[in-house]
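The values are calculated or read from the model by the stated rules, or taken from the named source; none is laboratory data. All values reported here derive from a predicted model rather than from experimental measurement. Methodologically, a virtual Cβ is constructed for each residue, glycine included, from the backbone with ideal geometry; neighbour enumeration extends over all protein chains shown.
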């Protein structure tokens, strides 16, 4: 079971904040879900083959084969921040999170 403090810590990690009433409600609801998940431990799965996807489709994509790309200069001709190693400099869009 998760305590209210643990749930509040998880919420902080994902940059959410809740008032006390909402946090209490979510704590109860999350604990119900955790308990339901724990019930899955009681299911007998002896002899059941693992299922990796809900349907039996095969991979319809082509094989991943490396190809040469000799036209990068043309593609990036208008890119002012292109470095010598063919990397693009892009602005930071994800903030770091420090405690």
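Residues in region 29-64 that are at pLDDT 90 or above and under 21 Å from the mean Cα position of the chain (by Cα) were compared, and the one that is surrounded by the most Cβ atoms within 10 Å (Cβ to Cβ) is 30.
May I ask you to verify whether residue 26 is surrounded by 10 or more Cβ atoms within 10 Å (Cβ to Cβ) and at pLDDT below 80? Here the answer is no, as residue 26 does not meet what is asked.
Is region 7-16 home to any residue that is touching a helix residue (DSSP H, G or I) at 6+ places or on another chain (Cβ under 7 Å), under 30 Å from residue 91 (Cβ atoms) and free of Cβ contacts under 8 Å to residues at least 12 places away in the same chain? No. Between 75, 67, the distinction of being exposed (fewer than 10 other Cβ atoms within 10 Å of the Cβ) and free of Cβ contacts under 8 Å to residues at least 24 places away in the same chain belongs to 67 only.
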